[in-house]
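None of the figures in this text is laboratory data; all of them are computed from the coordinates on show. Here the structure is a predicted model, which means the values were calculated and not measured. Positions of Cβ are backbone-derived with ideal geometry, glycine not excepted, and every protein chain shown enters the neighbour counts.
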Amino acid sequence: MSCATKSGASFQLAAMIDGIHKLEACATVLTFACLLATAAEPKPAAELVTLPGRTMGTVYSVKFLQPSAPIPVEQARREVSALLDRLEQTMSTYREDSEICRFGAYRGGDWFAVSADTARVVAESLRVSELTGGAFDVTVDPLVRLWGFGPRRETGEPPPEPAIADARRRVGWGKLQARLDPPALRKSSPEISVDLSAIAKGYAADAIAAHLEKLGATNYLVAISGDLRTRGHGQQGRPWRVGVDKPLDDGRAIQRIVELKNAAISTSGDYRNFFTDAGRRYSHVIDPRTGRPVTHNLASVTIVQETSARADALATGLVVLGPEAGYAFAVKRSWACLFILRTNTGFVEKLTPAFEKLR
Ligand code: ADP
Ligand code: MG
């Protein structure tokens, strides 16, 4: 497997608006805003700290309200940045020396020692694979590369059928195991490799949230591209407000805004990372059951969950399942989801009942 170093277009970018604060973005996008509200008692608002930066080929923004024992901002900035660097180094398919790439190149069947984070994120990936009947599949890497959505983005047209069949033989989450103690991965087929692109940013948002809690923050919002995790409220007690992108191929607009308290939200879609051939749109989300990118008219799925890793992975899984089966799947599990479909007459929204309640 050819893990190349690249600062990566496969990770999503996010736009964030905090009043007027804005970061540039280029893929599945969530936008969030913290609106000022009038407090009944005029007491000074806690200071809102914003730590912007870049990670995993995209942008992040960490916001927290200073608790009564203030967190040293420089320390928080340094630690958040170091944590993200560490996760990127271990989980990126764009770096040949990452644990994930080294595990992909390893051909043996013994337990392969990895960091606790990698073991945890792969274990969570396997749970989501099972939950979605393999629609989300953390071993989809050979197909992602074959279709040109990996580190080398060189296609623009569908690969030949035998190559698809060959790559499919090298995919299968059932051939992968994760162990937490001591942390390690194991494969029952030598060519199994791992692609964490659909869950790593969510996992990283959870890790930052945990770190902020350790520092004493109880009101925060962590956004890495289209994956957000919130707790508590923004300035002057108002809930964090999160904007869901209109799934436009270019340009940017907000489809709708939701208010979140202690929850994570993620969007996955086909509108930033795709190619077209013979009038067909081929998305970077691959259906492991067919070995092909999804080609249905589902432009994006947004889902609210407790953790960001789960939301990130499920958003991708629901995109694979598609506008009907995915929607029914989400309704059955009472998940709060927004499906946006592309039709001849524009975008059409499908909200699950749980999402309706968020409004
Ligand atoms: P983004 O990359 O924009 O954050 P997603 O979270 O949906 O969007 O992740 C998509 C990425 O996940 C793809 O670029 C690919 O690397 C990988 N991927 C594609 N299809 C699947 C799948 N069925 N299961 C798991 N990962 C996938
Ligand atoms: Mg995802």
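Please rank Thr343, Thr290, Thr93, Thr302, fewest neighbouring Cβ atoms within 10 Å first, as an exposure proxy.
Neighbour counts put them in this order, fewest first: Thr343, Thr290, Thr93, Thr302.
In terms of Cα to Cα distance under 14 Å, which aspartates and glutamates are near enough to Lys246, apart from those fewer than 8 places away along the same chain?
Cross-link targets: Asp270, Glu349.
So, by mean Cβ neighbours within 10 angstrom, what's the order for 52-59, 132-139 with the highest one leading?
By packing density, highest mean first, the sequence is 132-139, 52-59.
How big is the charge dipole of the stretch 134-254 about its Cα centre, in debye rounded to the nearest 20, if each Lys and Arg gets +1 on its Cβ and each Asp and Glu gets -1 on its Cβ?
That gives the stretch 134-254 a dipole magnitude of about 420 debye.
From the alpha carbon gyration tensor of the stretch 25-356, can you work out the equivalent ellipsoid semi-axes (sqrt of 5 times each eigenvalue) and give them in Å, largest to smallest?
33, 25, 16
Mind listing the long-range amide H neighbours of Val285? Cut-off is under 5 Å, sequence gap 5 or more, other chains count too, H placed in the peptide plane at 1.01 Å from N.
Val294
Work from the charge dipole of the chain (Cβ charges, +1 for Lys and Arg, -1 for Asp and Glu, about the Cα centre) and give the residue of Leu131, Ala253, Gly174 farthest towards its positive end.
Leu131
So the label point goes 7 Å from the Cα of Ser115 along Cα→C-beta, right? Which residues of the stretch 194-208 then have their backbone N under 14 Å from it?
It comes to 200-201, 203-208, nothing else.
In straight Cα distance, which aspartates and glutamates are under 12 Å from Lys350, not counting same-chain residues fewer than 8 positions off?
Partners found: Glu324.
From the helices alone, meaning DSSP H stretches of at least four residues, give me the mean residue ellipticity at 222 nm for the chain, per-run term -39500 (n - 2.57), in deg cm²/dmol to the nearest 500.
It comes out at -8500 deg cm²/dmol, rounded to the nearest 500.
Could you list Ser81, Ser61 in order of exposure, starting from the residue whose Cβ has the fewest other Cβ atoms within 10 Å?
With the sparsest Cβ surroundings first, the list reads Ser81, Ser61.
Exposure proxy check: Asp166, Asp312, Asp270 ranked by fewest other beta carbons within 10 Å?
Asp166, Asp270, Asp312
Treat every Asp and Glu Cβ in the chain as -1 and every Lys and Arg Cβ as +1, leave all other atoms uncharged, and give the resulting dipole magnitude about the Cα centre to the nearest 20 debye.
For this selection, approximately 380 debye.
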